[in-house]
Amino acid sequence: MFLWGDKMDLDRLTNTFDFRLDENGDLILTNDWSGDISMVNGVDYLIQQVEIRIKESDIDDLIGEKNTMEVAEKGKGMIISALTYDGLIDFSDIYVEAVPISPHVLYFYVFVKSPIEAYAEQNGEEVDEDPIGFEVSLHLSHGSKIRRIK
C-alpha cells in the first residue's frame, strides 16, 4: 500500500510518531495535567498526515477559476499529488471524486484505503475496514474547508 516502501509496513506505521495537532495546526497537550505534548501513531498518524497533506495541496490556488470539469480534474490531481509525492500513500489506494455543488462551489471526496485493509490484502486476507475519508469544500471565491468523514 504505502508508507515508505512497496508494501504496507504495519510495524513501521505503529512505530511512527508525530505531534498531535488540532484543526488549526496547533499542538495538543495531554489530558493528564502533566503538560506533555500529545502524540499520534498508527492509523491516527496516517489520518493526521492525510489531513495535513490535503490542506497543503494548494487547492486554494483554484480560487478565481470557473467551476468546470478541467478545474475539478486539476483539483483532484493536486490532492493526489500531495498524498503520493514521497511514497506515503500509493496511487492505487486513493479515491478522489469531485462533485460540483453550485456555480461557485466544488466538493472533493477523498478516500484512502485503511492500512489494516491494505496489509490484509497484501497477505491474501480479507478485512472489512472503512477507508479514511475527508470532504473538502472549495468555494471558488473564498477558499477551502476540510472535514473528516467517519
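The values are calculated or read from the model by the stated rules, or taken from the named source; none is laboratory data. Please read these numbers as outputs of a predicted model, since none were measured by experiment. Glycine also receives a Cβ, built like all others from the backbone with ideal geometry; neighbour counts cover every protein chain displayed. Just so you know, the surface numbers come from the protein's heavy atoms only, side chains and all, with ligands and any DNA or RNA stripped out. Shrake-Rupley method; radii C 1.70, N 1.55, O 1.52, S 1.80 Å.
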Hey, residue 50 hits all of (1) modelled with pLDDT of 75 or more; (2) part of a strand (DSSP E or B) but one; which does it fall short on? (2)
Can you tell which of 81, 92, 102 is in contact with a Ser or Thr (Cβ under 8 Å, 6 or more places away or on another chain) and of a type outside the set (Lys, Arg)? 81
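Matching residues to (1) out of contact with any Cys (no Cβ under 6 Å at 6 or more places or on another chain); (2) more than 17 Å from residue 94 (Cβ to Cβ); (3) open to solvent by 70 Å² or more (accessible area, probe 1.4 Å); (4) not hydroxyl-bearing (Ser, Thr, Tyr):
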| position | (1), (2), (3), (4) |
| --- | --- |
| 25 | yes, yes, no, yes |
| 33 | yes, yes, yes, yes |
| 51 | yes, no, no, yes |
| 67 | yes, yes, no, yes |
Just checking, how many residues over region 81-107 are open to solvent by 80 Å² or more (accessible area, probe 1.4 Å), outside any strand (DSSP E or B) and not small (Gly, Ala, Ser)? 4
Identify, by number, the condition in (1) at pLDDT 85 or above; (2) under 24 Å from residue 117 (Cβ atoms); (3) open to solvent by 50 Å² or more (accessible area, probe 1.4 Å) that residue 73 doesn't meet. (2)
